[in-house]
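Participant: My questions will all concern the structure given below.
Laboratory data are not the source of any read-out in this text; all were calculated from the coordinates shown. Please read these numbers as outputs of a predicted model, since none were measured by experiment. A quick note on method: Cβ atoms are made from the backbone with ideal geometry, for glycine too, and the neighbour counts reach across all protein chains shown.
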Amino acid sequence: MKKPPVTSINTVAKRLTGRSELVLQRKNIRESLVSVAGLIGRPVRYQGGNEIGRLVDVVVRHGEDSYPPVSGLIVKVGQSKSFIDGARIAKLTQNEIQLSTAKVDLTEFTRREGESLLDADVLDHQIVDVNGLRVVRSSDLYLAPLDREIRVVGVDISFKAFIRRIFPGALGRGPIPEHVIDWANVASLAHGTGVVRSTESRAALGQLRPADLADLIEDLAGRERSALIEMLDPDLAADALEEMEDDELQGLLRGLSAERSAELISRMEPDEGAEVLRDLDNDHRESIFMEMDPSVAKQLRKLVEFDETLAGGIMTSHMLITHEE
């Protein structure tokens, strides 16, 4: 199903427009970066200096913000993991995490809709650099004060950052922003409650050619593939699926629900959709048909019955109408 490339990825990247100012270009932001990998395990202290516990993870709200704000901290207190609201953070530097009060409600942490954990869900996971059009692995994340909140502003993809995280103390805890991507250019396919994304990254993905999106999808692992598909407009996602290699596409569909598969296949060209369905086993194919609009399912069932080596197997049910001038 894959078609020969027409334009190089680098050329496509140069066409991406409408990007807002990237905060990592600001000197004050670069000078205030805090490494998330370097924070994990650090003591969290009350205002008076007494230690409350050790940092386990950083929680962010994801949505339409270009730079997700920190909504709270997960701190190990004794044998429990407690949630401390981000509004209680008075100071957060590479060497110190201090709360604004000595009285904190140590609520047991539970995941909430619209939040992700930076260490558990994002660090050492695949992300999409939507500006460079590539799949990379996050070695570290950087926080900085922005718009009166602490926000995620960048992701480090360097091997040096990876070594520093795997072997604490080997290269120090401080940030080394040598290979850092601004968060506005990132689509992070979190494994938690949803995708950590920015408005800019989603808009940029929408400008890519389906063939380039297909390449990105094929480079991702199973759950992260599904997460990227969920970010895309359904029609664009369907176009990208048409450009994928057959075996890669089959693997992707096995990871999607029958309902989502039905939606995407229904939006493909009929001959392309029939080809995809023809390659599925009977039970999987039938489960997808059951989720389709009856009229679409009936149309595709007819096409699937044709041998793919015959003319009927590659025909489309779309009608072409021309008018005499």
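Participant: Quick check on segment 46-92: take the gyration tensor over C-alpha atoms, sort the square-rooted eigenvalues as a ≥ b ≥ c, and tell me if it's rounded (a/c under 1.5), prolate or oblate.
Facilitator: Numbers: a/c = 3.38, a/b = 1.71, b/c = 1.98.
In terms of gyration-tensor shape, oblate.
Participant: Can you report the principal axis dimensions of segment 208-313 using only the alpha carbons, biggest first, rounded to whole angstrom?
Facilitator: Principal axes ranked by extent give 32, 26, 22 Å for the Cα atoms.
Participant: Which cross-chain or sequence-distant (5 or more) residues have an amide H under 5 Å from the amide H of Gly154, H modelled 1.01 Å from N in plane?
Facilitator: Tyr142, Trp183
Participant: Quick one: pull the percentage of alpha-carbon pairs in segment 248-300 with a separation above 15 Å.
Facilitator: Values: 470 of 1378 pairs.
In whole percent, the share of Cα-Cα pairs in segment 248-300 beyond 15 Å is 34.
Participant: Would you kindly derive the ³J(HN,Hα) couplings of segment 248-255 from the backbone phi angles with the Karplus curve 6.51 cos²θ - 1.76 cosθ + 1.60 (θ = phi - 60°), listing them in order in whole Hz, with x for Gly and Pro?
Facilitator: Going residue by residue, I get 5, 5, 4, x, 4, 5, 5, x Hz, with x marking Gly and Pro.
Participant: Please work out whether segment 25-127 counts as rounded, prolate or oblate from its C-alpha gyration tensor, where a ≥ b ≥ c are the square roots of the eigenvalues and a/c under 1.5 means rounded, while otherwise a/b larger than b/c means prolate and anything else oblate? All intermediate terms of the calculation are to be shown ahead of the outcome.
Facilitator: Working: a/c = 1.66, a/b = 1.22, b/c = 1.35.
Verdict is oblate for segment 25-127.
Participant: Ser257's amide H: which non-local residues (gap 5+, or another chain) put their own amide H closer than 5 Å, with H modeled 1.01 Å from N in plane and none for Pro or chain starts?
Facilitator: So Ser257 has HN proximity to no qualifying residue.
Participant: Can you list the HN-Hα couplings for segment 261-273, worked out from phi with the Karplus curve (6.51, -1.76, 1.60; θ = phi - 60°), rounded to whole Hz and with x for Gly and Pro?
Facilitator: Running phi through 6.51 cos²θ - 1.76 cosθ + 1.60 with θ = phi - 60° gives 4, 4, 4, 6, 5, 5, 8, 7, 4, x, 5, 5, x Hz.
Participant: What's the magnitude of the charge dipole for segment 37-83 around its Cα centre, counting Lys and Arg as +1 and Asp and Glu as -1 at the beta-carbon? Answer in Debye, nearest 20.
Facilitator: Working: 6 positive and 4 negative charges, 53 e Å.
It comes to approximately 260 debye.
Participant: Taking θ = phi - 60°, what integer Hz values does the Karplus form 6.51 cos²θ - 1.76 cosθ + 1.60 yield along segment 41-57, in sequence order, with x for Gly and Pro?
Facilitator: x, 6, x, 10, 10, 5, 4, x, x, 6, 7, 9, x, 10, 6, 9, 6
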